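Novice: Pasting in a structure now, in structure tokens, and then I'll have a few things to ask.
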């Protein structure tokens, strides 16, 4: 938390409109992973998909260009980028002149790789190049219609129970909520769980998801906590967890963790995004 005390999140900040790389603030993943007992090799693969909807710069004639940015951070990267610092960094492009989209991509890829200490894939699409965007739900069985009683809003892995039957299924819920570790503001999201193994009892899984409601942790760590709890309590042969959070500060963050190598999920938009 001493390092996070230096981050811009939750503080009054001056907004800079000329490109400034030093606005980016790194947060070491190991700090929060240590609390999960992740001290060595990671038991999962994955990516954090960030979408930025407030991205703009000036062309050579001073005319504004507007675009949407997609940024894929590998979960193996030593550092996260603190969310508000990323917003401030992207805002610094607003009154800066760049010659092309490729130049903007190259600069952002370089800067994010330096902060994350790993390659970050950047994709920028101009508004007039985008097809009409339609929203969709997660695929699978929605747990949210289960008529359950909920009275626990701090993470409770004991809710996770299995049956002897071996199955493959995809489940999802739109009831995920946790709180930002720094500001305490709510993070709203949906989560999809795809697994092969002993059948996970649906009611218990939904109670477990709801139990994050008053939990204070970054969304990326919430997904990693879910992954570890389900692996430890249910021991599936295969497991993938994909969460998509609603927009804050012009960005949404969508963590994905999986036992399977090389998979990158589709970056679609849910109705709340």
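Novice: Contour minus end-to-end for residue 216 and residue 246, with contour as 0.36 nm per residue of separation and end-to-end as the Cα-Cα distance?
Specialist: 9.1 nm
Novice: On to the next question. Estimate the FRET efficiency between residue 97 and residue 185 by the formula 1/(1 + (r/R0)^6), using the beta-carbon distance for r and 35 Å for R0, to the nearest 0.05.
Specialist: Details: r = 35 Å, r/R0 = 0.99.
That gives a FRET efficiency of 0.50.
Novice: Right, another one. Divide the volume of the convex hull of the Cα atoms of region 88-184 by its number of residues and quote the answer in cubic angstrom per residue.
Specialist: Value for region 88-184: 243 Å³ per residue.
Novice: Another one. Quick check: pseudo-label points 7 Å beyond the Cα along Cα→Cβ at residue 137 and residue 63, how many nm apart are they?
Specialist: 4.3 nm
Novice: Can you give me the Rg/Rh ratio for region 141-258, using Cα atoms for both radii and the Kirkwood formula for Rh?
Specialist: 0.95
Novice: Using a 10 Å cut-off on Cβ atoms, rank the peptides 44-54, 196-206, 258-268 from the highest mean neighbour count down.
Specialist: Details: 44-54: 20.4, 196-206: 17.6, 258-268: 13.1.
Per-residue mean Cβ counts within 10 Å order the peptides as 44-54, 196-206, 258-268.
Novice: Same structure, new question: Of the listed peptides 136-149, 81-94, 64-77, what is their order by residue-averaged count of other C-beta atoms within 10 Å, with the highest listed first?
Specialist: Packing order, densest peptide first, comes out as 81-94, 64-77, 136-149.
Novice: Quick one: Kirkwood hydrodynamic radius for region 183-236, alpha-carbon pairs, angstrom, one decimal? All intermediate terms of the calculation are to be shown ahead of the outcome.
Specialist: Values: mean 1/r = 0.0819 Å⁻¹.
Answer for region 183-236: a Kirkwood hydrodynamic radius of 12.2 Å.
Novice: Determine the relative contact order of region 4-129: mean sequence separation of Cα pairs under 8 Å and six or more apart, normalised by residue count, in whole percent.
Specialist: Value for region 4-129: 34 percent.
Novice: Find how much the distance from residue 163 to residue 272 grows on full extension, using 0.36 nm per residue of separation minus their present alpha carbon separation; answer in nm with one decimal.
Specialist: Difference between extended and current length: 35.9 nm.
Novice: Can I ask one more? Using Cα-Cα distances under 8 Å and only pairs 6 or more residues apart, what relative contact order does the chain have, in percent?
Specialist: 21 percent
Novice: Angle, helix 219-234 long axis vs. longest principal axis of the chain, Cα atoms, 0 to 90°, nearest 10?
Specialist: Roughly 20 degrees, rounded to the nearest 10.
Novice: Given an 8 Å cut-off on Cα distances and at least 6 residues of separation, report the relative contact order of region 141-258 as a percent.
Specialist: 30 percent.
Novice: What is the calculated FRET efficiency for residue 31 to residue 261, with r their C-beta to C-beta distance and R₀ = 25 Å, to the nearest 0.05?
Specialist: Using R0 = 25 Å, I get an efficiency of 0.45.
Novice: Please report, in whole Å³, the volume per residue of the convex hull around the C-alpha atoms of the chain.
Specialist: Dividing the Cα hull volume of the chain by its residue count gives 129 Å³.
Novice: Thinking of region 4-129 as a set of Cα atoms, what percent of all their pairs are more than 19 Å apart?
Specialist: That tail contains 50 percent of the Cα-Cα pairs.
Throughout, read-outs are computed from the coordinates displayed, never taken from laboratory work. In this text the structure is predicted, and so the values were computed from the model without any measurement. Quick reminder, even Gly has a Cβ in these numbers, built from the backbone with ideal geometry, and neighbours come from all protein chains shown.
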